[in-house]
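The values are calculated or read from the model by the stated rules, or taken from the named source; none is laboratory data. Remember, it's a predicted structure, so these values are computed and weren't measured experimentally. When we count neighbours, we look across all protein chains shown, and the Cβ atoms used for this are built from the backbone with ideal geometry, even at glycine.
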Amino acid sequence: MKTAALGMQHVLAMYAGAILVPLIVGGALGLTTEQLTYLVAIDIFMCGVATILQIVSNRFFGIGLPVVLGCTFTAVGPMIAIGGEFGISAIYGAIIVSGIFIMLISTVFGKLVRFFPPIVTGSVVTIIGLTLIPVAINDIAGGQGASDFGSSMNLFLGFGTLTFIIVMYRFSKGFIRSISIIIGLAAGTIIAAVFGKVDFSAVAEASYFHMPQVFYFGMPTFEVPAVITMCLVAMVSLVESTGVYFALGDITERELSEKDLAKGYRAEGLAVLLGGIFNAFQYTAFSQNVGLVQLTGVTKRRVVFVAGIFLVVFGLVPKIAAITTIIPTSVLGGAMLAMFGMVVSQGIKMLGKVITESPENSMIIACSIGMGLGVSVVPDLFSVLPAGMQILTNNGIVAGSVTAIVLNIVFNIRPFSSKRSSSQPARQLTEQEA
């Protein structure tokens, strides 16, 4: 029972983010209500499958960390653009190829572990948390574009939920403390219902059973520009996932090897391939669940495995899945703020171990976090660049990550200054490669 409750907490933590992508993409492509219902349901189903693929670690795939996978927001813009130009079949053709592409490069990508020491991964995790916090703040206000955005009721529900979670976390212990997020979401939703802010129509209209279908939207087509674009998106997702893997590795006190990373990437690629076949999306590791692991202190894989099972069931039974959609956006935002903040906390913890090692490390942190946060705040900074390049430059997480990787190479791997001893980089690499 405890494991089920903890697993459900992981589901609730990522559910809103998981269903948002199909709603945005399906709406932009003008899908019918029936098609949109399928898109949301199959996405939830595949989130569960993708998560289980990572948890059930074997010699071929699965990183074996308490990681939850969901559809990546990085792919939203490209998918809409591809669908508008080539049709929805080209989206899934490109996703299928990108999944194969990820599996093919997984071993090579795993060998790049030497370029991800704590100074880089800590910066990446911090950037991830910082770039997600505005999402939580928007949700507290009611969600971007909401007619009642910033209303006193939304603020009351959002910050009230956050306050309730803090109080529960401060004054409770053991199991109750570990599920403080789910208790806070339930309490916030009940209070919102009292004020008439909960809409039950989605539950009433949802069907009782849904069966995944291969190529629901028709046979895939393969357009070269679409394939290249989605492969670039796949690379972005791998960078994001790498930060999540190392964050969870740090939380669980597990040293990740090149083989571990390769198996994680391979599982992600397999999930993307299946997503294309069943007309879902590209998948990546969800950082909000890292915050939940840090917040609860529960690092057992079986908890996330149960969360994956829940997602599969919800994907098969839309009526059940729709129950979680009644949580008001402002209530969810209050819980998200705590979880995203914990992601930042984890990044700072990782950086605290290396920031005092050298002045160069301070510069790496300053520039990478500054670039990541800056691009997130001013996304039009690189609007003059070609669309293909903007996939990389317009993403704050990627921009900050690339900055951290490059500066780490300049300062710590390839010393250009005669003042630096050649033995220092060697020692650092030996520690990371051990």
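A few remarks follow.
- Residue within region 237-253 that is closer than 20 Å to G99 by Cα, among the acidic types (D, E), in a helix (DSSP H, G or I) and in contact (Cβ under 8 Å) with a residue 60 or more places away in the chain present: yes
- Output for region 226-282, where each listed residue is of a type in the set (K, R) and closer than 17 Å to L69 by Cβ: K263, R266
- Residue within region 296-306 that is surrounded by 24 or more Cβ atoms within 10 Å (Cβ to Cβ) and polar (S, T, N, Q) present: no
- Boolean, L292 is crowded, with 22+ Cβ neighbours inside 10 Å, touching a helix residue (DSSP H, G or I) at 6+ places or on another chain (Cβ under 9 Å), over 26 Å from V40 (Cα atoms) and not basic (K, R): no
- Candidates A271, A226 - the one that is surrounded by 24 or more Cβ atoms within 10 Å (Cβ to Cβ), over 18 Å from the mean Cα position of the chain (by Cα) and hydrophobic (A, V, I, L, M, F, W, C): A226
- Of all residues in region 96-108, those that are more than 18 Å from M46 (Cβ to Cβ) have Cβ atoms under 6 Å from Cβ atoms of residues that are hydroxyl-bearing (S, T, Y), 6 or more apart or on another chain, in S106/Y265.
- Those residues of region 137-155 which are free of Cβ contacts under 8 Å to residues at least 24 places away in the same chain and either in contact with a Phe, Trp or Tyr (Cβ under 9 Å, 6 or more places away or on another chain) or not small (G, A, S) (or both), in sequence order: Q144, D148, F149
- Taking the criterion of being farther than 28 Å from L337 by Cβ and surrounded by 22 or more Cβ atoms within 10 Å (Cβ to Cβ), no residue of region 235-255 qualifies.
- Selected residue [in contact with a Gly (Cβ under 7 Å, 6 or more places away or on another chain) and either modelled with pLDDT under 85 or under 30 Å from V293 (Cβ atoms) (or both)] from F200, F159: F159
- The residues of region 164-192 that are surrounded by fewer than 16 Cβ atoms within 10 Å (Cβ to Cβ), without any contact (Cβ under 8 Å) to a residue 40 or more places away in the chain and either touching a Phe, Trp or Tyr at 6+ places or on another chain (Cβ under 9 Å) or in a helix (DSSP H, G or I) (or both), listed by number, are V167, R170, F171, G174, I176, I190.
- For region 120-143, a residue qualifies if it is out of contact with any Ser or Thr (no Cβ under 9 Å at 6 or more places or on another chain) and buried (at least 24 other Cβ atoms within 10 Å of the Cβ), and exactly one does: G122.
- Restricted to region 193-223, and to residues there that are of a type in the set (A, V, I, L, M) and exposed (fewer than 15 other Cβ atoms within 10 Å of the Cβ), the residue that is nearest to T329 (Cα to Cα) is A193.
- When restricted to residues that are assigned to a helix (DSSP H, G or I) and either modelled with pLDDT of 80 or more or under 30 Å from M336 (Cβ atoms) (or both), region 106-130 contains 17.
- Screening D148, D139 for residues that are over 24 Å from K349 (Cα atoms), among the acidic types (D, E) and part of a helix (DSSP H, G or I) leaves exactly one candidate, D139.
- Breaking point among (1) at pLDDT 90 or above; (2) loosely packed, with under 13 Cβ neighbours inside 10 Å; (3) in contact with a Lys or Arg (Cβ under 9 Å, 6 or more places away or on another chain), for I102: (2)
- Checked against (1) farther than 30 Å from I183 by Cβ; (2) touching a residue at least 40 places away in the same chain (Cβ under 8 Å), L337 meets all criteria but (1).
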